[in-house]
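First comes the structure, then the notes that go with it.
Taken together, the values in this text are just the output of simple stated rules run on the coordinates, not laboratory data. Please read these numbers as outputs of a predicted model, since none were measured by experiment. Here the Cβ is made from the backbone with ideal geometry for all residues, glycine too, and neighbour counts use every protein chain on show.
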Amino acid sequence: MEEIKFALDTFYAIMSGALVMWMAAGFTMLEAGLVQKKDVSEIVTKNLGLFSIACVMYLVCGFVLMYPSDAIFAIAGGLDEAGDVISYGILPSIGTSWGLSTDMPLEEIGMAYSMDYSQQADFFFQVVFVATAMSIVSGAVAGRMKLIPFFIFTVILTGFIYPIQGYWNWGGGFLSTLGYSDYAGSGTVHLLGAAAALGVVTLLGPRNGKYGANGSVNPMPGSNIPLAALGVLILWLGWFGFNGGSELVISDEASAIAVSQVFLNTNMAAAGGVIGALILSLAMTGKSDVTMVINGAIAGLVAITAGPSAPSGGEAVIIGLIGGCIVYASILFFDRTLRIDDPVGAISAHGIVGIFGVMVVPFTNADASLVTQLYGVLAIGGFGFLASYASVYLINRVMPIRASDEEQSVGLDVSEIGVEAYPEFK
């Protein structure tokens, strides 16, 4: 019986990971549809490259960093119920899972491991989350960040920045010790990716021609709205693996019911997000802005990700609907007030709504507290922003991260890739 449960849970982790991997296609299509046609091949190349780099870097060191057997730096706190000193892990020990195979248990390479399914399935399920975080950055920097500096930053974020803060929550670090609750990563994945994107964009600046000297904001329409819509529908599907797989097991009755509720709530929150963005768009402009509706779906999904198992179906709709309204207002605020250029709305959909998703958890989960959730938001967001800004600042000292005015004018497809996505529309 135990072997059957092990096999079933292993298969479930692998299939959930495959669904999350398919989200890479969703991000690629979404971003390709929302950027200008002269930058489409470049954004596709970035998404293919970042996924591959994320997989390799997580195998090289990220997996062990995120789930270490101990910490090299921790802060001692009070005493637990048994009278032992509580340790709050900050910096995990480093190692590698490069030799991960059926002949090398992870305990031998310095990992804390106690899963009820195979180590290889766990790695696969975890690594696709890393790529998701980096995909958020690619959309925000589209149209003006050069390819090679982007890939160098991908190495840093997927190999070090993401795993370190992932350890804080899921690997036994200080946030998990405090009681921070983030079921599938509204903070750990989405807020981290958005905070990193904000750090890079702050240094990178907007696309040429986006903002006028007189305070005007110049629209830069996407190349293909149906493609962007296909991307968000792929993401919607992949999110069932993202949230549903985070239950980790499905081989007993309670877990199977919990997974079913997660699937239900994930779907309903996405629907609520679409409706929220649609209603607000109609109320504000009298028109149904399809790009806002697309981001409404993503916002609903991000909003429910921190706690998809606890709410009822109706509560999930409300959470998603609020997320859809938040993303609409946030995109306008970043664009018109802060003048931060985010071509796909990634910082708003994953960052601002990610904060909302984390902070709304205590309203449906009595074990979570607003104070602890706020600690998580500040730690993840602050670390993601500062570490990313510092990393890109150093990269920029070695090579320019920003495409020149001429390169942006002709398009990054021509200047960086040499293959245009839509040559017939020159």
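Using the beta-carbon distance between L394 and V56 and R0 = 25 Å, what value does 1/(1 + (r/R0)^6) give for FRET efficiency, to the nearest 0.05? Calculated transfer efficiency: 0.70. What's the center-to-center distance, using Cα atoms, between segment 301-349 and segment 232-280 in Å? Comparing the Cα centres of segment 301-349 and segment 232-280, I get a distance of 16 Å. Couplings 3J(HN,Hα) for segment 11-22, derived from phi with the Karplus relation 6.51 cos²θ - 1.76 cosθ + 1.60 (θ = phi - 60°), are 4, 5, 5, 5, 5, 5, x, 5, 5, 5, 4, 5 Hz, where x marks Gly and Pro. Normalised by the number of residues in segment 233-355, the average gap of Cα pairs under 8 Å and 6 or more apart makes the relative contact order 27 percent.
Computed from Cα atoms, the angle from the helix 290-305 axis to the main principal axis of the chain rounds to 10 degrees.
Look at the alpha carbon pairs under 8 Å that are at least 6 residues apart: their mean separation over the length of segment 1-151 gives a relative contact order of 35 percent. GNM on the chain, C-alpha springs below 10 Å: top fluctuator among A254, A25, A229? Comparing A254, A25, A229 in the GNM, the peak value goes to A254.
Relative to the longest principal Cα axis of the chain, at what angle does helix 253-285 sit, 0 to 90 degrees, rounded to 10? The angle comes out at about 20 degrees. The angle separating the long axis of helix 119-140 from the principal Cα axis of greatest extent in the chain is about 30 degrees. Based on Cα contacts under 8 Å between residues 6+ apart, the chain shows a relative contact order of 25 percent. Estimated purely from DSSP H runs of n ≥ 4, each contributing -39500 (n - 2.57), the mean residue ellipticity at 222 nm for the chain is -19000 deg cm²/dmol once divided by its residues.
Taking 19 Å as the cut-off, the amide N atoms of segment 177-196 that come nearer than this to a point 7 Å along the Cα-to-beta-carbon line of L378 belong to 177-182, 187-188, 191-192, 195-196.
When the chain is treated as a Gaussian network with alpha carbon springs shorter than 10 Å, the biggest mean-square fluctuation among A349, A387, A303 belongs to A387.
Using a simple spin-label model with pseudo-atoms 7 Å out from Cα toward Cβ, I225 and L338 lie 2.7 nm apart. Cross-link partners for K37 among the aspartates and glutamates, with Cα-Cα distance under 20 Å and sequence neighbours closer than 8 places in the same chain left out: D289, D341, D342, D405, E406, E407, D413, E416, E420, E424.
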